[in-house]
Amino acid sequence: MTIRCEIVSQDRMVFEGDVDIVVLPGSAGEMGILPHHAPLLTTLKYGFIKVRQQGKEEIFAVAGGVAEVQPQIVTVLADAAENIEEIDEARAEQARERAQEMLAKGVPADSDAYLAIEAALRRSNLRLDAVKRYRKGGRPNTPGEN
Amino acid sequence: MASAREMRLRIRSVKNISQVTRALEAVSASKVRKAIAAVTATRAYAGKAWQVLTHVAKQPGRESLHPLLTKRPEVKNTLAVIVTGDRGLAGAYNTNVIRFVARKFDHYEHPLHFIAVGRKGRDLMIRRRKNVVADFSNLPAAPSFMDVSAIGRMVVEEFLEGRADEVYLIYTDFITMSRQETVVKRLLPLEVDGSDRVEEYEAKAGPAAAYIYEPGEREILDEIIPRFTGLQIYQAVLESQASEHAARMIAMRNATDSALDLVEQLKLAYNKVRQQTITNDILDIVGGANALAQS
């Protein structure tokens, strides 16, 4: 028994496949979606989507968005999403430093620039967090964490 | 008639022009391909977002519509977003957009203001004394969604704060390399009901079941609709860029062809001048020799 899972961001299809379970970072808490789940719409926080396919787990970092659940399919409309294996740690580190520097210099709050920098900072933090938590060689993925 | 030396220079310069235009043609051709690939990549998200929207709109027992979906009974102000290029030398591409805007809006029943995306459009609108409230020029060649999301935010804000009661988007749809069409699309209020796309979707998926909402229907629509609006603008910008590059490519190809034609004509004229000079020289020598013989 599987459920279809599709993760799309504005500029590409990130993941598509039949999976056993999808774990979503819902705004009201993490939720595991199994096949035949009741129809559900939820907003997503910055966090990690985990999909398990025959015991193999793939993890995606997602920077917010919306997920629609139907009994046969989970659709994630992500603001930005990537497989954590694709993350470039050095680049994320640089991006974080750049964003922090710019914020330290002082940008008027609630301006467009401020929002953009803050979003960039949150994204790079998320990426670095992903690498630390899940990348092979990092801290092992402890069971019962979900 | 110009001297042979002048004509040689002219031929050389026209040949150089043809080389430049040919290079520009090749550059534009590769940019068209890139822009089209980017548009195709956004279709997955756009399709999915639309499904979710129609799904929500079709919910049984839905409360009042979300403000971004609600048509206002009285339209007082209209906002139009005009997408053009930053550069000229693209045939009739930019003027076509402006002419389209003039046709649609010059005798419009409501007060108008404009957001210009692209330098050419901005300049032409200002020259026509239109009320341009914002300008998003110099977008990068292959913009990411982040580069244009500010436009979407501004449009939604204008609408929600009542400065605009309807928002139109004017851009150039890429159909084929030799055919682009200026089109207008209503961005806000977003029309979900009564669209044939809803029926199409229902036919495939069956009627929508009631949803569990987390946190609430309102919050979810708050998230989806502005993003969808932003995405529509992003797609329009990409389509327009593809059209601009295609128009430039054709314009440059025509320029190359005319330059080569001109070179042919100039060569013919040059050869005539050259031959005439030789004939004159021979006549001079023969005349001189005859005069000497007679004396």
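The values are calculated or read from the model by the stated rules, or taken from the named source; none is laboratory data. Note that the structure is a prediction, hence the values are computed from the model and not measured. Don't worry about glycine lacking a Cβ; one is built from the backbone with ideal geometry, like all the others, and counts go over all protein chains shown. Surface accessibility is based on the protein's heavy atoms, side chains included, excluding ligands, DNA and RNA. Shrake-Rupley method; radii C 1.70, N 1.55, O 1.52, S 1.80 Å.
Quick notes
- Sequence of B:V132, B:V148 from largest to smallest accessible area, 1.4 Å probe: B:V132, B:V148
- Rounded to the nearest 10 Å², the accessible area of A:K45 at probe 1.4 Å: 100
- Evaluated with a Cβ-only charge set (Lys, Arg +1; Asp, Glu -1), segment B:72-187 carries a dipole of roughly 440 debye about its Cα centre, given to the nearest 20.
- Under 5 Å, built H, 5+ apart or other chain: amide partners of A:V19: A:I3, A:R4, A:C5
- When both bridge partners sit in the protein assembly as shown, DSSP labels roughly 65% of those beta bridges antiparallel.
- Where B:L9, B:L292, A:L121 fall by accessible area, highest first, once all protein chains stay in place (1.4 Å): B:L292, B:L9, A:L121
- Rounded accessible area of B:S18 (nearest 10 Å², 1.4 Å probe): 10
- Cα-based helix-to-principal-axis angle, A:89-105 vs chain A, degrees rounded to 10: 50
- Distant-in-sequence amide contacts of B:V81, defined by a placed amide H-H separation under 5 Å and a gap of 5 or more residues or a different chain, comprise B:I115, B:Y168, B:L169, B:I170.
- Residue-level accessible surface for B:K120, protein heavy atoms, 1.4 Å, Å²: 70
- Longest DSSP-loop-exposure-free segment, GluC sites (Glu not before Pro), chain B, at most 10 other Cβ within 10 Å: B:162-295
- Per-residue shielding of A:40-48, expressed as the average number of other chain Cβ atoms within 10 Å of the residue Cβ, stands at 4.
- Cross-link pairs beyond the 20 Å C-alpha cut-off, checked among A:K45/A:K105; B:K48/B:K104; A:K50/A:K132: A:K45/A:K105; B:K48/B:K104
- Cβ-placed point charges (K, R +1; D, E -1), dipole of segment B:250-295 about Cα centre in debye, nearest 20: 60
- Charges were assigned to the Cβ only: +1 to each Lys and Arg, -1 to each Asp and Glu. The resulting dipole of segment A:87-135 about its Cα centre is roughly 260 debye.
- A cut-off of 5 Å between modelled amide H atoms, ignoring neighbours fewer than 5 places along the same chain, links B:F136 with B:A116, B:V117, B:G118.
- In order through segment A:17-26: 3J(HN,Hα) via Karplus (6.51 cos²θ - 1.76 cosθ + 1.60), integer Hz, x for Gly, Pro: x, 8, 10, 8, 8, 10, 10, 10, x, x
- Against the rule of thumb 2.2 N^0.38 Å, how large the Cα Rg of segment B:227-295 comes out: 2.70
- Computed over the protein assembly as shown, the per-residue total of -39500 (n - 2.57) for DSSP H runs of n ≥ 4 gives a 222 nm mean residue ellipticity of -18000 deg cm²/dmol, rounded to 500.
- Taken one residue at a time, the phi angles of segment A:38-55 give Karplus couplings (6.51, -1.76, 1.60, θ = phi - 60°) of 5, x, 8, 10, 9, 7, 10, 8, 5, x, 10, 9, 10, 10, 10, 10, 6, x Hz. Gly and Pro are set to x.
- Accessible area ranking (1.4 Å probe, heavy atoms, ligands and nucleic acids excluded), largest first, for B:R12, B:R218: B:R12, B:R218.
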